[in-house]
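These notes are about the structure you will find just below.
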């Protein structure tokens, strides 16, 4: 984790234009890149010389190449659409075998610029129209609109339901991510649904743990840990209403929470840097389905996860893209008539301070002890 100024200088050096949302005192800064679909690349709670919270893929950007499959530039919050795999995938062509050689991110989520429609000191709104085809051959005419709004200290406290302790350095933003059916046909389960899929890339350390509360009263499995093979017990602990996931960038693994277990809240803590990251998103008020992103044949395309976390690590040949880690949230599948919209709202909060400052926040928001998080994998 370098400084915000270092990351900003690197992007400037490589011709990447960005917009900044800045608090009145200049301490909270959020960097948004329109050319990369309005993604938040990084942020800082202590101005330009403060720690930069987003992971940026220096190696890929320096090479200056365009990949036919994905531009893995990083960024701490990016806008994608689901599902990734299955019969209604947006990342595989119809009848294509769902293996990596055939996988590609649609241009509108990868190389196309989102248009800036509004900007103030603390808000930016971007949009893009596209026509996508899913693996079932359904054409989807869609408008994507994304608003990133910087939050002040009072708004953060109100969102989390806590009073931020004196001395804690905060930066937070809320994003409203809206998709609209611009076509003449309804989006249905029979022809395929679309979801808003938010992915955040952050910097792993040996002292970082992702922790996710789960619904004890929910039905079905608590956690899906079979994406890349079962996660060993020294990296995944499930107890007392919380899932703990070891994040060190040394072991490629991914987990998900089914919708019935999700509380639409997750966090991570880097005890060395004293950085607490909290993600939360809006919860549907009515029963709904979540698209299944697993590649290949599926028994049920609509039993997907609502929250995911990923720890990067070396592949079999020893190569590695990062390392980085991800926290992800997804909206329900959008069953929309022509002209209807779905909005997925996500809030990202970074709080930097001592254990004594952050412990009451963790206790009130997650109902657990910060010392437990610190020691679960130590």
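The values are calculated or read from the model by the stated rules, or taken from the named source; none is laboratory data. Since the structure is predicted, the reported quantities are computational estimates derived from the model, not experimental observations. All Cβ positions, glycine included, derive from the backbone under ideal geometry; neighbour counts span all protein chains shown.
Quick notes on this one:
- Checklist (1) surrounded by fewer than 21 Cβ atoms within 10 Å (Cβ to Cβ); (2) out of contact with any helix residue (DSSP H, G or I) (no Cβ under 8 Å at 6 or more places or on another chain); (3) without any contact (Cβ under 8 Å) to a residue 40 or more places away in the chain applied to residue 357, failing item: (3)
- Residue match in the stretch 72-92 (condition: assigned to a loop (DSSP other than H, G, I, E, B), farther than 26 Å from residue 268 by Cα and in contact with a strand residue (DSSP E or B) (Cβ under 8 Å, 6 or more places away or on another chain)): yes
- Test: residue in the stretch 6-13 that is under 18 Å from residue 200 (Cα atoms) and crowded, with 24+ Cβ neighbours inside 10 Å: yes
- Screening residue 186 against (1) in a loop (DSSP other than H, G, I, E, B); (2) closer than 30 Å to residue 324 by Cα leaves a single unmet condition, (2).
- Per the listing 293, 260, the residue uniquely out of contact with any helix residue (DSSP H, G or I) (no Cβ under 9 Å at 6 or more places or on another chain), at pLDDT below 95 and crowded, with 19+ Cβ neighbours inside 10 Å is 293.
- Residues of the stretch 129-149 classified as surrounded by 15 or more Cβ atoms within 10 Å (Cβ to Cβ) and in a strand (DSSP E or B), total: 11
- For residue 324, the conditions (1) surrounded by fewer than 22 Cβ atoms within 10 Å (Cβ to Cβ); (2) more than 23 Å from residue 186 (Cα to Cα) are fulfilled apart from (1).
So that you can scan it fast, the table gives a plain yes or no per residue for (1) in contact (Cβ under 8 Å) with a residue 12 or more places away in the chain; (2) over 27 Å from residue 353 (Cβ atoms); (3) part of a strand (DSSP E or B):
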| site | (1), (2), (3) |
| --- | --- |
| 222 | yes, yes, no |
| 231 | yes, yes, no |
| 273 | yes, no, no |
| 300 | no, yes, no |
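- Within the stretch 150-165, considering residues that are in contact with a helix residue (DSSP H, G or I) (Cβ under 9 Å, 6 or more places away or on another chain) and in contact (Cβ under 8 Å) with a residue 24 or more places away in the chain, the one surrounded by the fewest Cβ atoms within 10 Å (Cβ to Cβ): 161
- Test result for residue 184, buried (at least 16 other Cβ atoms within 10 Å of the Cβ), in contact (Cβ under 8 Å) with a residue 24 or more places away in the chain, more than 19 Å from the chain's Cα centre (by Cα) and farther than 21 Å from residue 22 by Cβ: no
- Each residue in the stretch 51-81 was checked for being crowded, with 21+ Cβ neighbours inside 10 Å and over 16 Å from the mean Cα position of the chain (by Cα), and 2 pass.
- In the stretch 197-214, residue nearest to residue 368 (Cα to Cα) [restricted to those that are at pLDDT below 95 and surrounded by fewer than 21 Cβ atoms within 10 Å (Cβ to Cβ)]: 207
- Residues of the stretch 198-220 that turn out to be out of contact with any helix residue (DSSP H, G or I) (no Cβ under 7 Å at 6 or more places or on another chain), touching a residue at least 60 places away in the same chain (Cβ under 8 Å) and not in a loop (DSSP other than H, G, I, E, B), as a count: 8
- Residues of the stretch 59-77 classified as touching a helix residue (DSSP H, G or I) at 6+ places or on another chain (Cβ under 7 Å) and on the phi < 0 side of the Ramachandran plot, total: 2
- Residues satisfying the stated conditions in the stretch 96-120, i.e. closer than 20 Å to residue 136 by Cβ, without any contact (Cβ under 8 Å) to a residue 24 or more places away in the chain and in a loop (DSSP other than H, G, I, E, B): 97
- Subset of the stretch 219-237 [closer than 24 Å to residue 372 by Cα and surrounded by 11 or more Cβ atoms within 10 Å (Cβ to Cβ)]: 221, 222, 223, 224, 225, 231, 232, 235, 236, 237
- Within the set 40, 73, the sole residue that is under 21 Å from residue 204 (Cβ atoms) and touching a residue at least 60 places away in the same chain (Cβ under 8 Å) turns out to be 40.
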